[in-house]
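What follows is a single structure, written as structure tokens, with notes after it.
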Amino acid sequence: LTHKNIITIHDLGEHEGRPYLAMELLEGADLQRRLAQSESMTLVRKLDVVIDLCEAIDFAHKHGVVHRDIKPANIFITTTGSVKILDFGLARLVTSEMTNSNMMMGTLNYMAPEQVRGERADHRSDIFSIGVVLYEMLSGKKAFQGDSFASTLFQILEAAPQPLHEIDPAIPADVIAIVDRTLVKSRE
């Protein structure tokens, strides 16, 4: 995939029996590190990051690729402010039958309910994960974070996260409506 917001892979292969991947060198930090910094991004900057993320994922979807592991650690912000999506290691071609069903793949806190259930992920799964990332960017906390693996699974499948307007009343209602729509449990 060649897109301004997707990391460029220059080569992949095997050398002396070990696989390798040569990709674009990026300077900056992933969103996970950026969110951990004391200096917060402005609302406009947060939305710009998510817009770039959405454009890249839309491009991937139009080319038949579902990422399946969208999370802050896989979103890189360069020193010039560009956004790059990393790690398509769990990606699946929409036409591929290679992934087993009943197998959970991805990072738990950012998974869509269908991924938790071991069902086939599609573009809607990525949209749910983008909503989870945006929720975290706006609230400063994970949308689905339990005391245990099982309680986190339950939250993803059954519970709604704390309403954003309770966390920060300054978040615009239209932004909250977008986040709420992405976090709907049924992908239908």
Given an 8 Å cut-off on Cα distances and at least 6 residues of separation, report the relative contact order of the stretch 113-162 as a percent.
29 percent
Residue by residue through the stretch 68-80, which ³J(HN,Hα) values in whole Hz follow from phi under the Karplus form 6.51 cos²θ - 1.76 cosθ + 1.60 (θ = phi - 60°), with glycine and proline marked x?
6, 8, 6, 7, x, 5, 9, 10, 10, 10, 6, 5, 8
accessible surface per residue for the chain, probe 1.4 Å, DNA/RNA/ligands not counted, whole Å² -> 56 Å²
Can you tally the lysine pairs in the chain where the Cα-Cα distance is under 28 Å and the two residues are eight or more apart, or on different chains?
23
GNM flexibility winner over the chain from Leu43, Leu21, Leu153 (Cα, springs under 10 Å)
Leu21
Under DSSP H, which helices of the chain have Cα atoms covering 20 Å or more of the helix axis and a Kyte-Doolittle average no less than -1.0?
43-62, 123-139
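The values are calculated or read from the model by the stated rules, or taken from the named source; none is laboratory data. On a predicted model such as this, the values are computed, not experimentally measured, just so you know. Note: accessible area is taken over every heavy atom of the protein model, side chains too, but ligands, DNA and RNA are not part of it. Shrake-Rupley method; radii C 1.70, N 1.55, O 1.52, S 1.80 Å.
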